[in-house]
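Q: First the structure, which I've put down as structure tokens, then a few questions once you've had a look.
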Amino acid sequence: HVQLQAFGGGSVQAGGFLRLSCTAPKRTSSNSAVGWFRQAPGKEREFVAAINWRGSNTYYGDAVKGRVTISRDNAKSTVYLQMNSLEPEDTAVYYCAVHVAGTYSDASSYRYWGQGTLVTVSS
């Protein structure tokens, strides 16, 4: 069963930063866009960011635009999510997945979801 592995979460204070990493087997992520989503307790999964396989095109959710940067290193099969100026509203489990078809911001367009990594931002 193929899954992506997300890690790098933790607890930070408001205004702080974190860098999340997502590793994937080459056979699942090569030539594919990868996206990050998050899910807070009691809320639906929310699109955070996506990047195409070349790393030349990036897409961001409105809630994080300007505070988050997605990037990738294909040689390491790793996608990064740099999050700055974190707010308590950013508290959630963050997931990464491989885009297979459809709209980048739609969770149903993705496959190979991992277990996620928890980000907690305190005020």
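Q: Check region 73-88 and report whether any residue there is within 14 Å of the chain's Cα centre (by Cα), open to solvent by 60 Å² or more (accessible area, probe 1.4 Å) and under 16 Å from residue 5 (Cβ atoms).
A: no
Q: Tell me which of these residue 100 doesn't satisfy, since it passes every other one: (1) open to solvent by less than 60 Å² (accessible area, probe 1.4 Å); (2) over 16 Å from residue 46 (Cα atoms); (3) touching a Phe, Trp or Tyr at 6+ places or on another chain (Cβ under 7 Å); (4) β-branched (Val, Ile, Thr).
A: Every condition holds for residue 100 apart from (1).
Q: So, residue 32, is that one part of a loop (DSSP other than H, G, I, E, B) and over 19 Å from residue 117 (Cα atoms) or not?
A: Yes: the conditions hold for residue 32.
Q: Shifting gears a bit: Considering every residue within region 84-103, establish whether at least one is in contact with a helix residue (DSSP H, G or I) (Cβ under 7 Å, 6 or more places away or on another chain), in contact (Cβ under 8 Å) with a residue 60 or more places away in the chain and part of a strand (DSSP E or B).
A: Yes, that holds for at least one residue.
Q: Same structure, new question: Please work out which residue is farthest from residue 16 (Cα to Cα), limiting yourself to region 104-122 and to residues that are open to solvent by less than 60 Å² (accessible area, probe 1.4 Å), in a strand (DSSP E or B) and not β-branched (Val, Ile, Thr).
A: Here the residue is 110.
The values are calculated or read from the model by the stated rules, or taken from the named source; none is laboratory data. The model shown is predicted, which means the values in this text are computed figures rather than measured ones. Counting neighbours? That spans all protein chains shown, and the Cβs are built from the backbone with ideal geometry, glycine included. Each accessible area value is taken on the protein alone, full model and side chains, heavy atoms only, with ligands, DNA and RNA left out. Shrake-Rupley method; radii C 1.70, N 1.55, O 1.52, S 1.80 Å.
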